[in-house]
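J.: Would you mind keeping the following structure in view while I ask a few things?
The values are calculated or read from the model by the stated rules, or taken from the named source; none is laboratory data. Everything numeric in this text was worked out from a predicted model, so none of it was measured. When we count neighbours, we look across all protein chains shown, and the Cβ atoms used for this are built from the backbone with ideal geometry, even at glycine.
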Amino acid sequence: MTETPSLAFTEIDLDSIASAEGRVAVFISPSGKLDQTARRVNRLTRGALERFAESKAFAKLREGEARDLAWPTGLAAEALQVVKLDRRPDGEEARKAGIAIGRAARGKSVLVLAGNIRGIEDLALGALLRAYDFTDHRSKKDDDAGDDGASPGSLTFMCSKPEEAEAAAADVPALAQGVFFTRDLVNAPSNVLTTTAFADTLKALSKLGAKVTVLEEDKLEKLGMRALLGVGQGSESPSKVVVIEWNGGGKGERPFALVGKGVVFDTGGISLKPAGGMEDMTMDMGGAGVVAGVMKALALRKAKANVVGLVGLVENMPDGRAQRPGDVVTSMKGDTIEVINTDAEGRLVLCDVIWYAQETYDPVGMVDLATLTGAIIIGLGHENAGVFSNDDNLCEAFLAAARAEGEGAWRMPLGDGYDKQLKSRIADMKNVGGRPAGSITAAQFLKRFVKDETPWIHLDIAGVASLKTEGPHAPKGATGWGVLALNRLIADRFETGS
Ligand code: BES
Ligand code: MN
Ligand code: ZN
């Protein structure tokens with residue numbers, strides 16, 4: 001488990017700056033103004049800060065960007081990071097500045113001279129999120145990282161009102177730990193994160209007060225989840241559904257439901273994928289990973305809402321027992337599905353979990369997340385997740401939450417016209433709709449398992465769950481996309497006032 005750096009807020013103590021070890025971050029406003037702490041740093045470094053503020057290099061920096069002055073004279077610190085930021089940044093700029101600080105932190109202790117800057121909570125969240133590094137499987141630790149090479153480091157914000165800042169940032173560690181949880185799960189290789197290991201990891205959420213139930217294959221069989229079980233039947237790892245209940249809201253209040261696709265590895269099954277890039281399918285449990293991260297964040301911050309998270313954990317393997325193209329399975333709902341392509345397995349997993357969620361929990365609303373289609377990457381690339389919904393109100397609320405958190409999300413259409421692509425000659429439907437509108441037909445497939453009265457959002461996160469390049473607040477690899485937006489949606493819409 002990757003730990004988040006520790007977070008602390010302290011009073012302004014100018015005399016302690018010179019001896020601070022590790023890194024020191026200081027802010028200069030775009031107009032070149034130095035605050036009280038920056039003036040002290042300037043004096044200690046014999047005017048270096050002022051000279052930097054007058055340089056072309058500083059002029060070139062955009063708001064929220066930073067430069068390192070290494071081994072600064074007059075300071076015990078090994079680096080002085082100068083961040084260009086107004087005293088009253090908007091949330092986005094503050095987050096960006098925090099990201100610059102976290103990116104450079106690399107497990108060290110960082111003293112952030114925040115003075116009376118606004119939005120310290122956004123600075124702190126940005127810094128914590130970007131301080132992530134997935135080191136579980138590196139035998140040699142990074143030489144440049146903190147003392148023991150594996151320490152998560154620490155962030156101390158020296159500011160004029162530390163109690164206020166600490167209160168404003170009260171939820172920041174919970175959010176960062178939720179996002180780190182998602183990233184660790186999504187980054188984990190599939191020989192490590194089997195369905196069983198995944199379920200065991202989720203069970204640990206009960207220590208935080210969540211109720212965790214694991215439904216094993218015999219139970220899933222009894223429930224009639226043949227669509228889900230068909231996907232996993234070629235794997236040595238048993239299929240499971242894990243239910244995480246967080247009941248922080250009113251007794252008897254209907255919960256909000258989150259459903260995640262948890263294909264721990266997707267070979268495509270008998271409709272085998274080509275070798276090139278197949279290793280990327282370790283992230284095909286990304287939807288389940290986000291559900292896990294949100295549930296962890298809610299539990300850690302003791303959210304005043306009832307939320308149930310359900311994940312379908314399976315592995316899609318080719319084998320003597322594996323499902324064949326042409327097989328017909330009966331879903332828990334009772335609808336029959338002709339499996340034309342065993343690689344369109346996500347919808348087969350989700351349809352049963354979605355149905356089970358509604359039958360068991362009668363949710364006030366439901367969001368499913370899945371790395372569902374390559375087609376969504378063709379449509380939206382890696383900037384936006386595809387958003388599909390049967391409820392404008394809920395959908396707008398989600399899009400607003402995603403915008404506020406800087407998580408790209410773009411609404412896509414649904415429509416009965418697409419249903420004809422799913423017609424099967426011998427069953428109620430087939431599991432693929434051909435090349436045109438591949439992400440939409442996948443969403444139309446899921447919609448058949450959503451009751452008309454359930455406000456529902458489907459998020460196709462195939463393009464955003466894991467990146468080959470650095471993300472907005474993550475290094476290469478898993479992003480944790482969606483944890484912040486869903487947390488905010490729940491806080492804004494379903495949480496009873498504190
Ligand atoms: N897990 C994949 C989708 C995917 C592709 C996720 C790329 C992340 C990156 C999904 O199970 C899949 O294989 N979808 C097929 C569907 C097709 C057979 C209808 C696809 O997109 O090609
Ligand atoms: Mn697939
Ligand atoms: Zn898949």
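J.: Mind counting the residues in region 450-494 that are crowded, with 17+ Cβ neighbours inside 10 Å, touching a residue at least 60 places away in the same chain (Cβ under 8 Å) and assigned to a loop (DSSP other than H, G, I, E, B)?
T.: Looking only at that region, the number is 17.
J.: Residues that are under 23 Å from the mean Cα position of the chain (by Cα) and within 22 Å of residue 369 (Cα to Cα), at least 3 per element: which helices (runs of 4 or more DSSP H) completely within region 175-278 meet that?
T.: 195-203
J.: Next question. When the residues of region 378-395 are filtered to those that are touching a Ser or Thr at 6+ places or on another chain (Cβ under 9 Å) and not in a loop (DSSP other than H, G, I, E, B), which remaining residue is farthest from ligand 3 (Cβ to nearest atom)?
T.: Top of the filtered list is 395.
J.: Ok, one more. Only one of (1) assigned to a loop (DSSP other than H, G, I, E, B); (2) in contact with a Ser or Thr (Cβ under 9 Å, 6 or more places away or on another chain) is not met by residue 113, so which one is it?
T.: Checking residue 113 against (1) assigned to a loop (DSSP other than H, G, I, E, B); (2) in contact with a Ser or Thr (Cβ under 9 Å, 6 or more places away or on another chain), the one that fails is (1).
J.: Okay, next question. Does any residue of region 212-221 turn out to be within 16 Å of ligand 1 (Cβ to nearest atom), assigned by TED's automatic domain parsing to the domain that holds residue 334, more than 19 Å from residue 300 (Cα to Cα) and in contact (Cβ under 8 Å) with a residue 12 or more places away in the chain?
T.: Taking every residue of region 212-221 in turn, none turns out to be within 16 Å of ligand 1 (Cβ to nearest atom), assigned by TED's automatic domain parsing to the domain that holds residue 334, more than 19 Å from residue 300 (Cα to Cα) and in contact (Cβ under 8 Å) with a residue 12 or more places away in the chain.
J.: Now for a separate question. Scan region 345-355 and give yes if some residue there is part of a loop (DSSP other than H, G, I, E, B) and within 26 Å of residue 279 (Cβ to Cβ), otherwise no.
T.: Checked against the condition, which is being part of a loop (DSSP other than H, G, I, E, B) and within 26 Å of residue 279 (Cβ to Cβ), region 345-355 yields at least one hit.
J.: Tell me, which residue of region 330-366 that is among the β-branched types (Val, Ile, Thr), over 22 Å from the mean Cα position of the chain (by Cα) and surrounded by 22 or more Cβ atoms within 10 Å (Cβ to Cβ) is nearest to ligand 1 (Cβ to nearest atom)?
T.: This residue is 342.
J.: Residues that are free of Cβ contacts under 8 Å to residues at least 24 places away in the same chain and crowded, with 18+ Cβ neighbours inside 10 Å: does region 367-390 have at least one?
T.: Scanning region 367-390 turns up no residue that is free of Cβ contacts under 8 Å to residues at least 24 places away in the same chain and crowded, with 18+ Cβ neighbours inside 10 Å.
J.: Further, regarding this structure: Examine region 237-252 for a residue that is within 16 Å of ligand 3 (Cβ to nearest atom) and more than 27 Å from residue 489 (Cβ to Cβ), and state whether such a residue exists.
T.: Among the residues of region 237-252, at least one is within 16 Å of ligand 3 (Cβ to nearest atom) and more than 27 Å from residue 489 (Cβ to Cβ), which makes the answer yes.
J.: Okay, moving on. Return yes or no: is residue 393 under 22 Å from residue 489 (Cα atoms) and either away from ligand 1 (no atom under 16 Å from the Cβ) or not hydroxyl-bearing (Ser, Thr, Tyr) (or both)?
T.: Considered against the rule, which asks whether it is under 22 Å from residue 489 (Cα atoms) and either away from ligand 1 (no atom under 16 Å from the Cβ) or not hydroxyl-bearing (Ser, Thr, Tyr) (or both), residue 393 comes out as yes.
J.: Given the criteria surrounded by fewer than 14 Cβ atoms within 10 Å (Cβ to Cβ) and more than 13 Å from ligand 2 (Cβ to nearest atom), does residue 250 qualify?
T.: So residue 250 passes the test.
J.: Among the numbered conditions (1) assigned to a helix (DSSP H, G or I); (2) charged (D, E, K, R); (3) more than 25 Å from residue 252 (Cβ to Cβ), tell me where residue 359 comes up short.
T.: Answer for residue 359: the failing condition is (3).
J.: Now for a different question. On the given criteria, is residue 425 in the same structural domain as residue 480 (by TED's automatic domain parsing), part of a helix (DSSP H, G or I) and basic (Lys, Arg)?
T.: no
J.: Only one residue in 131, 114, 57, 66 is among the small types (Gly, Ala, Ser) and in contact with a Gly (Cβ under 9 Å, 6 or more places away or on another chain), so which one is that?
T.: Only one candidate passes the filter, namely 131.
J.: Only one residue in 326, 287 is in contact (Cβ under 8 Å) with a residue 12 or more places away in the chain and either away from ligand 2 (no atom under 15 Å from the Cβ) or part of a strand (DSSP E or B) (or both), so which one is that?
T.: 326
J.: Looking at region 402-409, can you tell me whether even one residue there is of a type outside the set (Ser, Thr, Tyr), away from ligand 1 (no atom under 16 Å from the Cβ) and on the phi > 0 side of the Ramachandran plot?
T.: Checked region 402-409: at least one residue is of a type outside the set (Ser, Thr, Tyr), away from ligand 1 (no atom under 16 Å from the Cβ) and on the phi > 0 side of the Ramachandran plot.
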